[in-house]
Each structure stands twice: as structure tokens, then as C-alpha cells.
Amino acid sequence: MVKLMLALDLDKERALKVAEEVKDYVDAIKVGYPLVLSSSLEIVKEIKDICEKEVILDFKVADIPATNEKIAKLSLRYGDGIIVHGFVGEDSVKAVRDVAKPLNKKTILVTEMSHPGALRFIQPIANELAIMAKKLELDGIVAPSTRPERLRELKHLSNLPVLTPGVGAQGGRLEEIIKILDENDYIIIGRAIYNSEDPKKMAKYYKEKIRALSK
Ligand code: O7E
């Protein structure tokens, strides 16, 4: 079954509350700048203690190799993997991968992003990014639920597990993307769950819908 990853873009207090509420229905949690900057990296451990799920650090690392290496070393004291940008070049991505791999942690590469602005600069190079992710034997790519045909192509080109954001608040439709995905892939959902009146109910709804549509 395709996995459900919660994007926990909240402050510490709300994030811990939502993590507790939805823990039975999500397979993984994505932690990014909104949460870490409103608390600290220690929050990753607190979330893991609550839900005992895979936690991926969404820092979209995009610097020169020497700096990427430092960021990866410091970040990967926590969590199970880290998200990097590829447009900065293969050497920068390798620097992160070479820190993550010996620690048994994942390096996940952003290909095409889900928002409208991605069409101008990142879509034209997204296929190459997917191919680079495959060549570097990374652990996954990020590709958009808002453009199912692009999601299909990027998954095919990389032949890697896909993390796909865009369902819910960004207008992506679960029914359209689920048939492209398999049990190695993750659907990332944030606001449609944590901004709902009842996050637990909504996480359960998405989990059951994924199960029903996966058949
Ligand atoms: O729209 P939401 O609230 O369901 O949240 C989507 C999450 O996915 C949010 O954390 C956002 O930062 C992230 N995201 C995208 O929305 N689009 C992208 O192209 C890439 C990401 C992302 O997470 O990249 C790394 C996985």
C-alpha cells in the first residue's frame, strides 16, 4: 500500500499535539523549517518518541559540497533521512549522500516542485534531476501530485521511491495519482490534515482512502 507522510509545518506545541492525534494513521512524518525554526532540531526526537515513525528532514539543502556536508552531518544526528536540491549540481548532492549512506539514512532529491512557479526554472531540468538521482543511487525523489503526468514520468526516469506533495491544499487529487504509485512511495499531505477541524479524523480518512484506492 502507498504510504502516507504527514507534513508537519506547525509550531512546536501544535505539531506535538497533531503528531499524537494522527500517529495511528500516518506512516512517516516530514519535518521542515517552520517546525525546526520555531523549536529546535530536538523536536525530531520528541516526535519520534510520540509516534515511532520514520521522520524525514525537509531542509532542501542547496549549497556547495563543503557546506552541504556540514549541514548533512549536523542534521542527520536526528531523523531518518534528508531532502536535498539537485540544481546545485551532482557534487553537492554527493556530499550529502556520502554523509547519509554510512549512517544508513536516506538522501532524497527534489525534482519538479508542485507549485505554479516551478514551471519556469525547475520543470525544464526536472527530468535530468530524476536521472541524476538514479545515477547517484539515492533513496528517493520528490515529484508533484499537482501534475500527474509529470509524476509518472519522473518516477519512471528515476526508478526510485517517490515522495509526492500536492494532494489536498494544492489541488492534487488522490484518485488521479494513486494509480501511478506503489508500496515504496509516499503521499505527502500537510494542511488538509492539520488545518482540518479534526486532524485525527482526516488522517484516518486519507489512510482509508489510500487503502481503498490501492486495491
Ligand atoms: O500543501 P501541504 O500543506 O499538503 O504541504 C505540502 C508539503 O510538501 C509542504 O511541507 C511543502 O513544503 C512540501 N513540498 C511541496 O508542497 N511541494 C514540493 O514541490 C516539494 C515539497 C517538499 O516537501 O519537498 C520535499 C519533500
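How many residues does segment 144-195 contain that are more than 8 Å from the ligand (Cβ to nearest atom), under 16 Å from residue 127 (Cα atoms) and either open to solvent by less than 10 Å² (accessible area, probe 1.4 Å) or part of a strand (DSSP E or B) (or both)?
The number of residues fulfilling the criteria is 6.
Give segment 1-38 a look and list any residue that's within 15 Å of the chain's Cα centre (by Cα), of a type outside the set (A, V, I, L, M) and in a helix (DSSP H, G or I), or say none.
Of the residues in segment 1-38, the ones within 15 Å of the chain's Cα centre (by Cα) are 2-9, 26-35.
Pick out the ones that are also of a type outside the set (A, V, I, L, M) and you get 3, 9, 27, 30, 32-34.
Residues satisfying the conditions are 33, 34.
List pairs: first in segment 98-124 and within 11 Å of the ligand (Cβ to nearest atom), second of a type in the set (Lys, Arg), Cβ under 7 Å, 6+ apart or cross-chain?
Close Cβ pairs satisfying both conditions: 110/60; 112/150.
Quick one: is residue 37 within 14 Å of the ligand (Cβ to nearest atom) and surrounded by fewer than 23 Cβ atoms within 10 Å (Cβ to Cβ)? Before you say what the answer is, go through the steps one by one.
Working: within 14 Å of the ligand (Cβ to nearest atom): yes; surrounded by fewer than 23 Cβ atoms within 10 Å (Cβ to Cβ): yes.
The answer is yes for residue 37.
What is the number of the single condition among (1) within 13 Å of the ligand (Cβ to nearest atom); (2) open to solvent by 70 Å² or more (accessible area, probe 1.4 Å) that residue 20 does not meet?
All conditions are met except number (1).
The values are calculated or read from the model by the stated rules, or taken from the named source; none is laboratory data. The structure displayed is predicted, hence computed values, not measured ones. Don't worry about glycine lacking a Cβ; one is built from the backbone with ideal geometry, like all the others, and counts go over all protein chains shown. Remember, those area values only see protein heavy atoms, side chains included, never the ligands or the DNA or RNA. Shrake-Rupley method; radii C 1.70, N 1.55, O 1.52, S 1.80 Å.
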